[in-house]
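One structure is given here, and the rest of the page talks about it.
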Amino acid sequence: MTGDFEIRPFDRTSSSDEDFRTLWAFTVELSREVLPGEPPMPAEDWIRIARTTNSLSDTLGWVVWDGGGRRILGATSLSIAN
C-alpha cells in the first residue's frame, strides 16, 4: 500500500452518523467481493444495529482512514465478554 493512513479508535456509542455511513460503505464494498449477488443492508438499518450495545460484552473498534480522512481502508473490532 502506498500513501498515508491513520488508525483511529471507532467508538460505536459516540461516533458521528457520517463516520458510521463511511464504515457502512466500507463493509458494503467488502460484502460485494464475498457475496456479489446479495443486496446490501440499508445504511440506516446497519447503523442502528452497529450502534446497539449489550451488557454481555464490551466491544472495541478501530478503523484505518486514508490520509485525507475521507475513506476507510480497513476496520477491526474486539469483543470482550463481561
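The values are calculated or read from the model by the stated rules, or taken from the named source; none is laboratory data. No experiment lies behind these values; they were computed from the predicted model shown. For accessibility, only protein heavy atoms count, side chains too; no ligands or nucleic acids. Shrake-Rupley method; radii C 1.70, N 1.55, O 1.52, S 1.80 Å.
Below, the figures for the structure above:
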item	result
Mean accessible surface per residue for the chain, computed with a 1.4 Å probe while every protein chain stays in place, in Å²	73 Å²
Label of the coordinate-derived value, P(r) over Cα pairs in 10 Å bins from 0, in percent, listed as (i) 16, 46, 33, 5, 0; (ii) 19, 57, 22, 2; (iii) 19, 52, 24, 5, 0	(i)
Fraction of accessible area attributable to carbon and sulfur, the chain (%, probe 1.4 Å)	54 percent
Segment Thr13-Arg48, extension gain: residue separation times 0.36 nm, minus the distance between their alpha carbons	11.5 nm
